[in-house]
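Enquirer: One structure, pasted below without further comment.
The values are calculated or read from the model by the stated rules, or taken from the named source; none is laboratory data. Because the structure is a prediction, the values reported are computed rather than measured. Note: ideal-geometry Cβ built from the backbone for every residue, glycine included; neighbour counts use all protein chains shown. Surface accessibility is based on the protein's heavy atoms, side chains included, excluding ligands, DNA and RNA. Shrake-Rupley method; radii C 1.70, N 1.55, O 1.52, S 1.80 Å.
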Amino acid sequence: MAYSDKVIDHYNNPRNVGSFPKEAPGVGTGLVGAPECGDVMKLQIKVNVDTGVIEDARFKTFGCGSAIASSSLATEWLKGKSVDEAAKIKNTDIVNELKLPPVKIHCSVLAEDAIKAALADYRGKWGKKEAAAGAAAS
Amino acid sequence: MTEAKRGEGVTRSARDLCWNCQSEVGGEYFCPQCVKVQPASVWSDYFDVFGLPRKLGLDLEELQRRFYDWSRKFHPDLFQRATPEEQAISLENSALVNTAYRTLRDPIARVEYLIGLEEGAVKGIPPKAPLDLLEEMLLVQEALEGAKASALDAQTQKRLTDERARLAERRRAEEERLLDVSREWDALVEGSSAASRDRDDLRRKLLDRMKGILAVRAYLTTVINDLSDALGEDSQTHVSHRRH
């Protein structure tokens, strides 16, 4: 199957590969998998807890070129967005940007799921500093 | 053995008329009037191809016998002097019979196929992988990445080989579980005791359980293949489904 130039670019030069310590302040981790192909994707965001802006993002994906490209692109898009803006990223945006063929759409779904999981993890851990402080005190 | 008849209750349609002489073929694969081969579209699914009930426990010898039987009858070599239409039909039928046989003789592929049949256009929700399994797969992959970066010394090689054996054993256990659920499925399909609403519930539950097991198996297979690649072995020897 022919990959688009953008997929090949992300595959050869993946952006933001790596990870943050899971418990570091402002870090949210999403770990998801695709049962059809056995791909595993970990995506992390590092949020400035004061401003709610995503300052950095990392990913590690073990899967096909499209899955790697989807998560690489996702980390690029996440940086600089607020947590609320990030929640609006849709898998179709990724499909359009990377020109993924129909058989690879599930890779973009995986990336969207990973973003959502990371955001949910962040909100659960650091969502409201006050709430977190209150929870810690109780 | 005689040609498998189609199941009862199959509605007659235009497709049941011979494409050549327009006479009623009644589910036969060769027209009773003009003896022309009939297209594979008379079959509704792979089980139907071999005249077998839609169940997960199959008599593999019977399946093979019927496969050979069809292969002989539809073999394109037999149609070399026939009309282009008949040649095309025999080719199409042979291809379908081959695919159907390959799918049904493999217990895993058989389950995957049955799930597709049962769910039809209304796909169920894909199973969520257990998070601890994903974490474990990620750890194995990360260790593997580290091993790949350096030369594969004897110690690393042994560690990866052991890891692969452990995961292969787990995959085997999952396949055992799948067989157990398959038997439960067949029992449900055969039985008629439970009320229909309970049956629908149970059907859904069993399908979901089968999908869950297939998902876990897919993750394990991916990692096992990656380990084989790293060990410089042909992963094909480790992905082949166990044949029964």
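Enquirer: To the nearest 500 deg cm²/dmol, what mean residue ellipticity at 222 nm is calculated for the protein assembly as shown from DSSP H runs of n ≥ 4 alone, each contributing -39,500 (n - 2.57), summed and divided by the residues?
Expert: The helix contribution divided over the protein assembly as shown gives -18500 deg cm²/dmol.
Enquirer: Here is a follow-up. Please report the carbon-and-sulfur percent of the accessible area for the protein assembly as shown; probe 1.4 Å, protein heavy atoms only, DNA, RNA and ligands left out.
Expert: It is 53 percent, rounded to a whole number.
Enquirer: While we're on this one: Quick check: with the 1.4 Å probe, what order do B:R66, B:R172 take by accessible area, largest first?
Expert: Descending accessible area places them as B:R172, B:R66.
Enquirer: Kindly flag which residue pairs out of A:K81/B:K128; B:K55/B:K128; A:K90/B:K128; B:K148/B:K211; A:K22/B:K205; B:K55/B:K211 have an alpha-carbon separation exceeding 24 Å in this structure.
Expert: Too far apart for the 24 Å limit: A:K81/B:K128; B:K55/B:K128; B:K148/B:K211; A:K22/B:K205.
Enquirer: Test of understanding: what is the full-extension gain from B:L133 to B:Q87, defined as 0.36 nm times their sequence separation minus their Cα-Cα distance?
Expert: Gain on stretching B:L133 to B:Q87: 11.5 nm.
Enquirer: Roughly how crowded by other chains is peptide A:36-43, in terms of the mean Cβ count from those chains within 10 Å of each of its Cβ atoms?
Expert: Counting Cβ atoms of other protein chains within 10 Å of each residue's Cβ and averaging gives 6.
Enquirer: Right, next: If amide H atoms are built 1.01 Å from N in the plane of the peptide, which residues on other chains or at least 5 residues away come under 5 Å of the amide H of B:A129?
Expert: Result for B:A129 returns A:G33.
Enquirer: Hey, what do the phi angles of segment A:40-47 turn into as Karplus ³J(HN,Hα) couplings, whole Hz, using 6.51/-1.76/1.60 and θ = phi - 60°, x for Gly and Pro?
Expert: Couplings: 10, 10, 10, 10, 10, 10, 10, 9 Hz.
Enquirer: Let me cross-check A:E55: its accessible surface, 1.4 Å probe, with only protein heavy atoms counted, in Å² to the nearest 10?
Expert: So the heavy atoms of A:E55 present about 110 Å² to solvent.
Enquirer: Now for a separate question. Note the direction-averaged projected area, equal to a quarter of the hull surface, for the Cα convex hull of the protein assembly as shown, in nm².
Expert: If you wrap the Cα atoms of the protein assembly as shown in a convex hull and average its projections, you get 26.4 nm².
Enquirer: Now for a separate question. Quick one: work out the % antiparallel among DSSP beta bridges in the protein assembly as shown, nearest 5.
Expert: Counting only bridges with both partners in the protein assembly as shown, antiparallel ones make up about 95 percent.
Enquirer: Moving on to the next point. Rounded to the nearest 5, what % of DSSP beta bridges with both residues in chain A are antiparallel?
Expert: For chain A, the DSSP antiparallel bridge percentage is about 95.
Enquirer: Roughly how much of A:K99 is accessible, in Å² to the nearest 10, using a 1.4 Å probe?
Expert: For A:K99, solvent-accessible area is about 140 Å².
Enquirer: Then there's this: Excluding residues fewer than 8 places away in the same chain, name every one of the lysines whose C-alpha is closer than 18 Å to that of B:K36.
Expert: Of all the lysines, those that pass the test against B:K36 - Cα under 18 Å, at least 8 places apart if same chain - are B:K5, B:K73.
Enquirer: Within 10 Å of each Cβ in B:215-224, how many Cβ atoms from other chains are there, averaged over the peptide?
Expert: Mean number of neighbouring Cβ atoms from other chains: 4.
Enquirer: Which residue, chosen from A:I8, A:P101, A:A86, occupies the Cα position most advanced towards the positive end of the dipole of chain A, where the dipole is computed from +1 (Lys, Arg) and -1 (Asp, Glu) charges on Cβ about the Cα centre?
Expert: A:A86
Enquirer: What is the distance in Å between the Cα centres of segment B:131-173 and segment A:107-122?
Expert: What the calculation gives is 26 Å, centre to centre.
Enquirer: Please report, in debye to the nearest 20, how large the charge dipole of the protein assembly as shown is about its Cα centre when each Lys and Arg carries +1 at its beta carbon and each Asp and Glu carries -1 there.
Expert: Dipole magnitude for the protein assembly as shown comes out near 340 debye.
Enquirer: Mind checking the mean number of beta-carbon atoms from other chains within 10 Å of the Cβ atoms in A:58-70?
Expert: 1
Enquirer: Please calculate the 1.4 Å probe accessible area of B:V35, with all protein chains present, and give it to the nearest 10 Å².
Expert: 100 Å²
Enquirer: Still on this structure, I have one more. Can you list residues from other chains, or at least 5 along the same chain, whose modelled amide H is less than 5 Å from the amide H of A:K81?
Expert: It is A:I54, by chain and number.
Enquirer: Let me ask something additional. Enumerate the amide H contacts of A:D39 below 5 Å, restricted to partners 5 or more residues apart or on another chain; note that Pro and chain-start residues carry no placed amide H.
Expert: Those lying under 5 Å, H to H, from A:D39 are A:A34.
Enquirer: Show B:W185, B:W19 ordered by accessible area, largest first, where the area counts protein heavy atoms only and the probe is 1.4 Å.
Expert: Final ranking, largest accessible area leading: B:W19, B:W185.
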